[in-house]
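Remarks on the structure that follows.
The values are calculated or read from the model by the stated rules, or taken from the named source; none is laboratory data. If you're wondering where the values come from, they're calculated on a predicted model, not measured in any experiment. Backbone-built Cβ (ideal geometry, glycine too); neighbour counts: all protein chains shown. To get the accessible areas, we keep the full protein, side chains included, count just its heavy atoms, and leave off ligands, DNA and RNA. Shrake-Rupley method; radii C 1.70, N 1.55, O 1.52, S 1.80 Å.
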Amino acid sequence: VATISAAQAPPVSPRFSNAVAQARGLTRLHSLLVSQRGELVFEYYGRGVTPRRLANLKSASKSIISALVGIAIDRKLIPGIQEPVATWFPELRRDPDPRKAAITIEDLLTMRSGLETTSNRNYGAWVTSPNWVRFALTRKLLAEPGTTMQYSTGSTHLLSAILTKASGTSTWQFAQAALAKPLGIPLPQWPRDPQGIYFGGN
């Protein structure tokens, strides 16, 4: 495996020299890894990052939450993607807007819940609220569930809350047992909301 840090002169294979040059020009890139047929053949680390330093995956974490939902479905902890989220949040059936009761797991996975986003201009108010789940569920319905994609970190946080309820354990514990240990990778704990639910978005 070729490994190079930003501080080193690049004694690197010519086939990766262009990748190194471009990586150095991306001021927010921390690392670049190339795997070929399951074997790691090249590593680049910049800006003080090392292979053992923990990394904040930001919204890439949403893909991990989605994988965990798939595992939960496979294990029959969640009936399927068409299951209404009101199964875990019965308050949706009492909401003044009855359409919210139709929001499904699939709608959260595809960010087509129809709920007003908790991202962008609403992100600060959401993460400083005393209850992130309630905040996300009480947003106005701006579109019919399942019709319009609206990027919202609240959608994947609701999935984390559902995983917590469906598995009877925390999202992190479920991820450790179902994903990290079988893959042989470390999965450190990450931030939680005021109710202790592991952040489903970052």
Quick one: angle between helix 61-74 and the longest Cα principal axis of the chain, in degrees between 0 and 90, rounded to 10, please.
60 degrees
Per-residue ³J(HN,Hα) for the range 92-99, Karplus 6.51 cos²θ - 1.76 cosθ + 1.60, θ = phi - 60°, Hz, x for Gly and Pro:
5, 6, 9, 5, x, 9, x, 5
Heavy-atom accessible area of Met111 with all protein chains present, probe 1.4 Å, nearest 10 Å²?
20 Å²
Hey, got the Cα dimensions of the range 1-133 along the principal axes, in Å, largest first?
64, 35, 23
With the full set of protein chains in place, find how many percent of the accessible area of the chain is carbon and sulfur; take the probe as 1.4 Å.
56 percent
What list of ³J(HN,Hα) values in whole Hz, one per residue of the range 136-145 in order, does the Karplus curve 6.51 cos²θ - 1.76 cosθ + 1.60 (θ = phi - 60°) give from phi, with Gly and Pro shown as x?
5, 6, 9, 5, 5, 8, 9, 8, 5, x
Area accessible to solvent at Arg139, 1.4 Å probe radius, in Å²:
50 Å²
Starting from the Cα of Met149, step 7 Å toward the Cβ, then list every residue of the range 38-73 with an amide N under 20 Å from that point.
58-70
Gain upon complete extension [Asn18, Gln82; 0.36 nm per residue less C-alpha separation]:
18.5 nm
Per GNM of the chain with C-alpha springs under 10 angstrom, the most fluctuating residue out of Thr27, Thr87, Thr147 is Thr27
Need one number: % antiparallel among DSSP beta bridges in the chain, to the nearest 5.
70 percent
With each run of n ≥ 4 DSSP H residues scored as -39500 (n - 2.57), what mean residue ellipticity at 222 nm is computed for the chain after dividing by its residue count and rounding to the nearest 500 deg cm²/dmol?
-8500 deg cm²/dmol
With a 1.4 Å probe and every protein chain left in place, work out the accessible area per residue of the chain in Å², rounded to a whole number.
56 Å²
With just the Cα atoms defining each centre, how far is the range 16-75 from the range 82-148? Give it in Å.
30 Å
What length, rounded to one decimal in nm, is gained on full extension from Leu187 through to Ala125, with 0.36 nm per residue of separation minus their alpha-carbon distance?
19.5 nm
Principal-axis tilt of helix 153-167 within the chain, Cα atoms, nearest 10 degrees:
80 degrees
Using only Cα atoms, find the angle between the long axis of helix 14-25 and the longest principal axis of the chain, and express it within 0 to 90 degrees, rounded to the nearest 10.
60 degrees
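Provide the net charge surrounding Leu141, with neighbours chosen by a C-beta distance below 10 Å and charges set as Lys +1, Arg +1, Asp -1, Glu -1. Intermediate values should be presented prior to the final figure.
Working: positive: Arg99, Lys100, Arg139, Lys140; negative: Asp95, Asp97, Glu116, Glu144.
Taking every Cβ under 10 Å from that of Leu141, the sum is 0.
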For the chain, modelled as a GNM with alpha-carbon contacts under 10 angstrom, which of Leu137, Leu57, Leu40 fluctuates the most?
Leu40
